[in-house]
Each structure stands twice: as C-alpha cells, then as structure tokens.
1. At 0.36 nm per residue, minus the direct Cα-Cα distance, what do ASP382 and LEU424 gain on full extension? Give it in nm, one decimal, please.
2. Which net charge results when you count Lys and Arg as +1 and Asp and Glu as -1 among the other residues whose beta-carbon is under 11 Å from that of LEU58?
3. Taking neighbour Cβ counts within 10 Å as the exposure measure, how do TRP377, TRP395 sort from fewest upward?
4. Taking the Cβ of TYR350 as the center, what net charge do the other residues with Cβ under 13 Å away carry, scoring Lys and Arg +1 and Asp and Glu -1?
5. Can you tell which of VAL285, LEU300, LEU169 lies farthest toward the positive end of the dipole of the chain, using +1 and -1 charges on the Cβ of basic and acidic side chains (Lys, Arg; Asp, Glu)?
6. For ARG318 and ARG11, what does the FRET efficiency come to when R0 = 30 Å and r is the distance between their Cβ atoms, rounded to the nearest 0.05?
7. Would you mind computing, in nm to one decimal, how far apart the modelled labels at ALA111 and VAL308 are, each placed 7 Å from Cα along Cα→Cβ?
8. Mind sorting HIS89, HIS282, HIS369 by how few other Cβ atoms lie within 10 Å of their own Cβ, fewest first?
Amino acid sequence: MLGEYRIEGRRAAEIASSVERAVGSGELEPGQLLPAMRDLATELGVNPNTVAAAYRTLRERGVIETAGRRGSRVRPTPATTGREHIRVHVPEGVRDVSNGNPDPALLPSLASAFTAAAELADRDPVLYGDGPVEPELALRARAELDADGVPEGPLAITSGSLDAIERVLAAHLRPGDAVAVEDPGWGSLLDLVPALGLRTEPVGVDDEGPLPDDVRRALEGGARALIVTDRAQNPTGAVVSAGRADALRSVLREYPDTLLIEDDHGHGIVDLPLRPLAGVTHGWVFVRSVAKAYGPDLRLAVLTGDAVTLDRVRGRQRLGPGWVSRITQRAVARLLADGALDTAAVAAAYRGRRDLLIGALADRGVGAHGRSGLNVWIPVPDETGAVARLLHAGWAVAPGARFRMSAPPGIRVTVSTLTDDEILALADAVGSAVGSAAGRGYV
C-alpha cells in the first residue's frame, strides 16, 4: 500500500508529521491509500484514537481526504506540494509567457504617491489604536463600488485577494465543509481551500462565467460557499455576463445560506462591465485587488460584505497583523485621486494582445479563450506534450494542471508583455505544437 515508506510516531502529532514529510518529499504520492486506522495503530503499538487524531489533523491541513469505507488517501493536490510547483523551468533564451504578471510598462509610477504618503505620515503618524482603514481610501473605494452596483457594506483592507478570501472562509466554515470553486480556476485558490481543511467542489466555466447547473449541483451536494471571479478569470479570461449573472442569482436564491465570495481582481484592466451577484445570499463578500492594475507588490485589496462577515474578519485581523500599512493605503488613495492609471488605455492594450493571439490561433485551426485580463487559455489534447514541444520551440507556457481539477487539459499563455511580432510567432509555435485538434474542449 505504502511501498517502502513506513509511517512512524507514537503521538498523533508525530504520526501526522511523518505522513506530511513523506507527501512533501514525494515518497507518498497523490492518490495513495493510507492504512486503515486500526491497522496502523496495531503496527505502531498505539491506541486507534491516536491514529484517528493524526488523520484528522492531516485532513484539516488538506494533506489527505477520507471517503468513508474507501479509506483515506493523499489528496490529488496536497497543500504540502502546491500547484505553484507545477511550473516549467525557463532556460536562458526561452520566452516566458507563463507567469501571469501585468506589463510593468503599463503600471503607474508609485514614487510621488508614496512620497506624499510618507510626508503625511511624518506629520500625522498612525499609532496603535488608530483606525485600520484610511478614510480617503475608503471614500474613493466606496464610490467605485457604488458605481459598479456593489451593495452597501462595511469595508476592510487586506493584504491582497487571497488574504481576504482566506480570512472570509476561516470566519465562516469548519474543516470538512465544501467550497464550490471554478474549474479551471486560480491555482493558489485551489491550494488554499484544502489547506484550510475544506473540500473543493469543481464548477465548470465557459466564457460567460460559472455554469449555473454546475453551481446548483454543488450547492445541492452541500457546498457551503461559492467563489466566483467576476472578470479576468484566471486562467480562462471569462467575464460574468448579464444573462449569466441573472441565472446565477436565480440559483443562489434557492440557497440563501450560501457564503458568496466574489473576486474582482481584474478591476482597472478590464473594459467589460461588472455584473455583481452580491446581495442575494445572507452571507456575501466582494474583493477588489489593486495588484494587476497598480502593481503586485502593493499587496492591497478592498473587501466589503455583510456586517457579520466583515466584523469577524476585522476582529481576527486585529489579533494578527492588526492592519495593512496606512502608508500604503494613503499611497493607493493618492493614486486613485490623481487618476494615475488610464484604465481605458490599459484595458485596450491587453485586449489588443489577447485578440491578436486568439485570432492568429484561429487562423491556424486552434481555438482559444480570453475575453478579459492578461491570459489566454488554450485547450489541448495532450497537455504535457504541448508544454514540452513549445519549450523546445522557445516558449515557456503554464501547464493547465496548475489550474484545473476535473476540467480537460489546456495551457495558459500570459500575453501582457508580448509584441505583435511575438504574438504571431507564438501562434505559429502553438499551431505546430498542438495541431488543429486543440481548442475543441473547454469545460
């Protein structure tokens, strides 16, 4: 069952650590069946309750999953390994189109905004006990949310979208609860959910967002939360359309106790309208990051939602980091006030690059998807072969395995820094690497 590896330990913590070390090193592989609790207890000479406690710890950490009489197995994507390790090493001379980063040339300058924020901090320093949210940032963020139709709610500032989502899930759910997530979807999120001891329920995605029938199936099956990317979905570029938003709201009305989490990390780089779902369920949050538009290193996202959820998030935040630097918040507020980002021009630049690649691929018989954002998703019949052949041709793309659970294979291409000539050359390489059979599958 375990090959040559022997689980060791006399206490629950030691047994759990033994399994976790083996998963991290690869000695125990994803999907591998673990011994029955009584059998392992006999082998180790410990009480079965000790092994049960160890397995419970491993489930809560997202390392293993238990399926009743079918036993406990190492998770297909254990939190100890993580999807970030499923990446291509980029040799010298190979063009990297796998990283998901924005174009540095389209990011606004931060120097004057941080200088102004630092000068204000010299005159009016933030001290312990001061409010965690910069008033000017709250005012400007709320105005943008109002303009996009996001319901009224209290505000919090977190260290990026993933930090916000983690805090919200931890505030509402318990280990073993199920979360409906997009498939294909954001790799870091697909790792985060099991790392919190939660179960992922995949929901298919097309160009208009999550599929309503899949969402209904997940919620009927007991999923307590649903995470939706409104625009610039990673990796597919999907945007929730008006019709899809209506259909999803209809499903959510049937399950009003669902915790709805919306991620609008594409704000500022997308020229398609937001169709928020918030307000249909009792518990909801809406997250808007500045990473893609203003710079990943700012590590700042605005979070709004229902009063109960926001109170729990802010209360737990006070017991940890306390707050996100008010100097950073003041700098972001200054960027918004100065109109430092030409959102229309940025969105148009990314759209032009996506459209050029998708069109060039279509000319070569390859289907692809990318209505918004930085990336283009290309379904392929043989993911491993496509990645290897493209690497040999001088292009490093992201393997679809980083982003999917049960969805068909694909590759993700980040177009953010590509020139027109590079896009055409890349289309030639993709056409040669994957052939006309690519692009036919999606969900």
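No value in this document is a laboratory result; all are computed from the given coordinates. Please read these numbers as outputs of a predicted model, since none were measured by experiment. Reconstructed Cβ throughout: ideal geometry from the backbone, glycine too, with neighbour counts over all protein chains shown.
1. On the way: separation 42, 0.36 × 42 = 15.12 nm, distance 2.21 nm.
Taking 0.36 nm per residue and subtracting the Cα distance, the gain is 12.9 nm.
2. +2
3. On the way: TRP377 29, TRP395 24.
Listed from fewest to most nearby Cβ atoms, that is TRP395, TRP377.
4. Here the charged neighbours net out to +2.
5. LEU169
6. That gives a FRET efficiency of 0.35.
7. Here the answer is 5.0 nm between the modelled labels.
8. Final ranking by Cβ density, sparse to dense: HIS89, HIS282, HIS369.
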